[in-house]
1. With Rg and the Kirkwood Rh both taken from Cα atoms, where does Rg over Rh land for the range 115-197?
2. Output ³J(HN,Hα) for the range 315-326: one whole-Hz value per residue in order, computed from phi by the Karplus curve 6.51 cos²θ - 1.76 cosθ + 1.60 with θ = phi - 60°, and x for Gly and Pro.
3. Compute the angle between helix 116-128 and the longest alpha-carbon principal axis of the chain, please, reported from 0 to 90 degrees and rounded to the nearest 10.
4. Based on alpha-carbon centroids, what's the gap between the range 118-161 and the range 281-340 in Å, whole number please?
5. Give me a comma-separated list of calculated 3J(HN,Hα) values for the range 183-190, in order, Karplus coefficients 6.51, -1.76, 1.60 applied at θ = phi - 60°, integers in Hz, x for any Gly or Pro.
6. Say the dipole of the chain comes from +1 at the beta carbon of Lys and Arg and -1 at that of Asp and Glu; which of G363, A148, P56 then lies farthest toward its positive end?
7. Would you mind checking the tilt of helix 212-225 against the longest principal axis of the Cα atoms of the chain, expressed as 0 to 90 degrees and rounded to 10?
8. Please give the per residue volume of the convex hull enclosing the alpha carbon atoms of the chain, rounded to a whole number of Å³.
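Just so you know, all these numbers are worked out from the coordinates, no wet-lab data involved. Computed from a prediction, not measured in an experiment: that's the story for all the values here. Please note: Cβ atoms are built from the backbone with ideal geometry, for glycine as well, and neighbour counts cover all protein chains shown.
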Amino acid sequence: MSRVLRNRVGAAALVGVLALAVTACSGTGEADAPQSGSDAPSTSTEAPPESSVEVPEGRVVPVENSSGDAVKIAMIGFSNNPYWVGVSEGATYANDVLASYDGSVDWIIAGTRQDVQTINSAILAAANQGYDGIGFFIGGEGNCQVIADLTEEGVKLGVYNTLFDCVESSGGVIDYAQQQDDAGKLAASEMIKAVGDASGSVGIIVSTFTAPGSEQRRTGFIDGLKGSNLTVIGEGVEAQDSASNTYTATQNYLQSTDDVVGIYCTAGGPFGAAQAVAAAGLTDTVKVIGYDITDENVAALKDGSMYGLIGQDAFGQGYNVAVQLYNSVITGEKADPVLQPAESPFVTLDNLDQHDPATVPVGTLGAS
């Protein structure tokens with residue numbers, strides 16, 4: 001039974017609308033994967049291991065659970081691009097590790113819209129199903145009021161993907177995410193080095209301009225290009241984390257601007273840009289930089305259509321947050337510090353052997 005008993009008006013109706021199913025955690029994800037239903041959260045399932053699972057080096061270690069109570073953790077995310085594969089794999093691994101501590105982690109897909117309202121609805125539905133801790137992809141500061149409200153009821157809340165000060169001030173126990181502005185500046189520095197002495201234009205492709213992490217990466221990149229020979233084409237275009245939309249946006253840049261030397265993708269689907277550049281026969285002159293060390297992006301690195309990737313420890317966003325939530329339920333303590341920058345290496349073909357998730361141990365820092 002959950003440690004927290006809740007009596008919230010409308011709880012049954014909310015859970016019914018969201019149709020949130022509770023099962024053991026596992027994660028799968030595909031680029032542009034179709035969703036069943038409208039915005040109904042769903043879970044995928046995998047039986048927990050019969051024996052203990054090793055904690056990856058450098059990861060959060062569970063504390064002993066001597067309470068005699070099971071600890072239930074929910075991890076809320078989406079599945080519209082391959083980034084989510086890494087997050088869900090981290091949550092799944094946390095579930096396997098915590099099985100020996102009478103803990104469990106459920107991976108919950110919140111729906112199709114990555115906005116504050118959808119995320120808040122999924123959080124409240126999870127709370128009403130009796131989870132002791134809830135981790136979620138933060139869509140904006142509007143999620144912090146829910147953190148404050150549920151923290152008062154004794155639920156532990158943690159977030160991932162973007163760092164927000166309000167997470168800590170609202171009572172959240174962990175916020176594990178990339179320093180997005182710094183990542184954008186790193187991408188700009190690497191783009192300048194990649195094109196050498198060339199001058200020209202760079203196209204920016206974002207998820208949406210309202211997505212906080214993507215926007216921080218965009219503005220950081222623009223700031224990082226100041227004083228260089230590179231000019232941003234407009235303010236960028238939206239692609240909604242879609243590889244096919246990113247492909248089309250890249251085609252439009254290449255066809256409308258004759259001096260394009262780079263494409264910078266701030267969010268999901270950057271391999272779509274790499275495919276478009278390759279289709280145009282421009283891999284030698286147009287450098288593509290994107291995010292996430294996924295199978296699709298690694299393949300683009302290997303065939304030369306993508307120049308570089310910036311990781312954000314997607315695995316850790318699932319694993320670290322889930323295990324810290326479990327620890328906080330047991331101990332009552334928050335992570336120290338609450339706001340934790342994720343490992344964010346810049347990966348090219350030259351150093352891929354150190355970061356390729358297909359060749360390094362599961363959960364390796366800098367490999368997702």
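1. On the way: Rg = 16.5 Å, Rh = 14.0 Å.
Ratio of gyration radius to Kirkwood radius: 1.18.
2. 3J(HN,Hα) across the range 315-326, in whole Hz: 4, x, 5, x, 6, 4, 5, 4, 6, 5, 4, 4.
3. With rounding to tens, the tilt is 20 degrees.
4. For the range 118-161 versus the range 281-340, the Cα centre distance is 22 Å.
5. 5, x, 5, 4, 4, 5, 4, 6
6. Farthest towards the positive end: A148.
7. On a 0 to 90 degree scale, this one is about 30.
8. Values: hull volume 45.4 nm³, N = 368.
For the chain, the hull spanned by Cα atoms encloses 123 Å³ per residue.
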